[in-house]
Amino acid sequence: MKAFTNANPRNLPQAVTLLDQAHSAGREASIAGGGSDLLGMVKERLVTPDVIVHLKSIKGLDQVAQQSGDVRIGGLITLDSLASHPLIRQRYAVLAEAAETVATPQIRNVGTLAGTVCQRPWCWYFRNGFPCFKAGGNKCFSITGENQFHAIFGGGPSFIVHPSDTAPALVALDAKFRIVGPSGERTVSAADFFVLPKQNAAQENSLANDEILASVQLPAANPGMRSTYHKVLDREAWTHAVVSAAIVLDMDKDVCRSARIVLGGVAPIPWRVLEAERLLAGQRVTAELAAQVGEAALKGANPLGKNAYKVPLTKAVVRRTVLELATRG
């Protein structure tokens, strides 16, 4: 392992300054929140930082606070704290449920919300040192290789799937991300934060290398809002979604006023299915309608050679989850 320097800033401006100074000097810098993903990448030499900027030394970045009806969540809140927070569980169940499905209890105790949103892909080619797009190369080895867990939407030139469970939930909740950098702060919607490979094959989001995801803001929850997260795994623990669905419904008794459906495990970004959402607007949700929604959610899917099973699996996940959520007492 390459030797590196640890830096412990007192606040966000100092953290940004440390990143900027390192890059200006031609040194590689990495950000650590919980550090669970970064540590593995350093060990595997997927990243070779000269400086690691530890955000845990900054106070107040792990809090949940209400602001005029909206809710702000610090990027350094642990996944365990997020999953068990009473306000999040009561009003934003989809996010609490997504957080509690991540990895193992040990990792949820240290892993952070910002960290899981910004984690790198877990494609086995990238993680095992192949010179793919994500590693600075010019090829996606999954296209003709082992692509069982790769994208059926939005792929090309890379076919990774975004690994975060909380990311689809945040897009479904129409969250806003507060980003801090050398030029100050900027706010971007969760949907616009993530980028497709055709936009930038080497990155998964719009963060510059000297910017930090500081907090997440959730809009006020409507009284009729219901939400849930459903995740399908290939084994019971420590794994990422084969398919997942984050669903938020605005219900008026048994009628769905509006819906947001975001898929995980099937695309390089959290994948919102607008046509499926439109079928639900203003409708009483029946088994027949839920089946139509499931069909619409998979329109345009383009599976690779070994992952076509994701199409019927995702249809079933959407159909069952929409129906269960809409008819929940």
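Taking square-rooted eigenvalues a ≥ b ≥ c of the alpha carbon gyration tensor, is segment 122-260 rounded, prolate or oblate, where a/c under 1.5 means rounded and, failing that, a/b exceeding b/c means prolate? Oblate. Distance between the pseudo-spin-label points of GLU324 and THR48 (7 Å out from Cα toward the beta carbon): 4.7 nm. Seen from GLY184, the other residues with C-beta closer than 14 Å to its C-beta sum to a net charge of -2, counting Lys and Arg as +1 and Asp and Glu as -1. Protein heavy-atom surface of the chain, 1.4 angstrom probe: 50% of the accessible area is carbon and sulfur, with nucleic acids and ligands not counted.
When each of the peptides 242-251, 203-212, 65-74, 82-91 is scored by the mean number of other C-beta atoms lying within 10 Å of its residues, the order from highest to lowest reads 242-251, 203-212, 82-91, 65-74. Extension gain for VAL311-ALA208 works out to 33.7 nm (0.36 nm per residue, less the C-alpha to C-alpha distance). Would you mind classifying the chain by shape? Square roots of the alpha carbon gyration tensor eigenvalues, ordered a ≥ b ≥ c; an a/c under 1.5 is rounded, otherwise it is prolate if a/b is larger than b/c and oblate if not. Oblate, because a/c is 1.5 or more while a/b does not exceed b/c. Taking a ≥ b ≥ c as the square roots of the eigenvalues of the alpha carbon gyration tensor, segment 71-159 is prolate, as a/c is not under 1.5 and a/b beats b/c. The simple spin-label model puts a point 7 Å past each Cα toward its Cβ; for SER258 and GLU275 those points are separated by 2.2 nm. Note on LYS231: lysines with a C-alpha under 18 Å away, same-chain residues under 8 apart excluded, are LYS310, LYS315.
Given 20 °C and 1.002 mPa s, how large is the Stokes-Einstein diffusion coefficient of segment 15-96 in µm²/s, with Rh as the Kirkwood radius over Cα pairs? Diffusion coefficient, whole number: 145 µm²/s.
Counting only alpha carbon atoms, the long axis of helix 310-326 and the longest principal axis of the chain meet at about 70°.
Scanning residues 5 or more positions from VAL243 or on other chains, those with amide H under 5 Å from its amide H are VAL232, with H placed 1.01 Å from N in the peptide plane. Subtracting the Cα-Cα distance of GLN106 and ARG235 from 0.36 nm times their residue separation leaves 44.7 nm of extension gain. Seen from LEU304, the other residues with C-beta closer than 12 Å to its C-beta sum to a net charge of +1, counting Lys and Arg as +1 and Asp and Glu as -1. Summing Cβ point charges (Lys, Arg +1; Asp, Glu -1) relative to the Cα centre of segment 204-283 gives a dipole of roughly 300 debye. Between the Cα long axis of helix 12-24 and the first principal axis of the chain there is an angle of about 60°, rounded to the nearest 10.
The calculated FRET efficiency for the pair ASN128 and ASN200, based on their C-beta separation and a Förster distance of 22 Å, comes to about 0.50.
Calculated mean residue ellipticity, 222 nm, the chain: -8000 deg cm²/dmol, from DSSP H runs (n ≥ 4) at -39500 (n - 2.57) each, averaged per residue and rounded to 500. Full extension of the segment from VAL188 to GLU295, taken as 0.36 nm per residue of separation minus the current Cα-Cα distance, would add 35.4 nm.
If a spin label sat at a point 7 angstrom from the Cα of THR286 along the line to its beta carbon, the backbone N atoms of segment 239-271 nearer than 16 Å would be those of 254-256.
Annotation: per residue accessible area for the chain equals 44 Å², rounded to a whole number [probe 1.4 Å, protein chains only]. Taking a straight Cα-Cα cut-off under 18 Å and skipping sequence neighbours fewer than 8 places away in the same chain, the lysines within cross-link reach of LYS198 are LYS134, LYS139.
Relative contact order for the chain using alpha-carbon pairs under 8 Å, separation at least 6, rounded to a whole percent? Across the chain, relative contact order equals 16 percent.
The values are calculated or read from the model by the stated rules, or taken from the named source; none is laboratory data. Every value quoted in this text rests on a predicted model; they were computed, and no experiment measured them. FYI the Cβ positions are ideal-geometry reconstructions off the backbone, even for glycines, and counts take in every protein chain you see. These accessible areas exclude ligands, DNA and RNA; they are computed on the full protein's heavy atoms, side chains included. Shrake-Rupley method; radii C 1.70, N 1.55, O 1.52, S 1.80 Å.
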